[in-house]
1. Normalized C-alpha radius of gyration of segment 2-48, against 2.2 N^0.38 Å?
2. Taking the Cβ of residue 43 as the center, what net charge do the other residues with Cβ under 12 Å away carry, scoring Lys and Arg +1 and Asp and Glu -1?
3. Give me the number: length gained by fully extending residue 21 to residue 77, i.e. 0.36 nm times residue separation minus the C-alpha to C-alpha distance, one decimal in nm.
4. Among 99-105, 3-9, 77-83, how do they line up from the highest to the lowest mean number of other beta-carbon atoms within 10 Å?
5. Run down the aspartates and glutamates and flag those whose C-alpha is under 15 Å from the C-alpha of residue 39, throwing out any fewer than 8 positions away in its chain.
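No lab work stands behind these numbers, since they all come straight from the coordinates. Being a predicted model, the structure only gives us computed values, none of them experimental. Backbone-built Cβ (ideal geometry, glycine too); neighbour counts: all protein chains shown.
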Amino acid sequence: MVLRRLTRQPKRMASAVLGIASGMALSVAMIGILAGFDKMIDLSFDVIDRSDVTVSFNEAISNKAIFKLQSLPGVIEVEPARVVPVVLRHGLKSHRGAINGLVASKAPASGRGPQHGHDSSGCGRNHFV
């Protein structure tokens, strides 16, 4: 019965096979997208940004605020950062954005740090995580 249909209507059967194959491929693709989305959410909140509280100031403040925040009960780590709004220009094009400055780690992997003219003390004055 199936072979008779296949010989009488080959285009219809080819279309049906192509439709079923496309539907299965789309289902597998959606499962892959959802798995990637779940993995990205886990990575973002469990590995990259593990902070519970973010404290932001509108203006630059002294480094004493870092020590005050570190002395609060329950605070494990304070990570200062400086965010400065900028306008980036190249010829006639411009883009409004921000420059993020972080304090250099104690053992910089790239060999760049305060000893190479990069002062890390000015970075930690605006944003604390």
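1. That ratio works out to 2.04.
2. -2
3. 14.9 nm
4. 77-83, 99-105, 3-9
5. Filter leaves 49.
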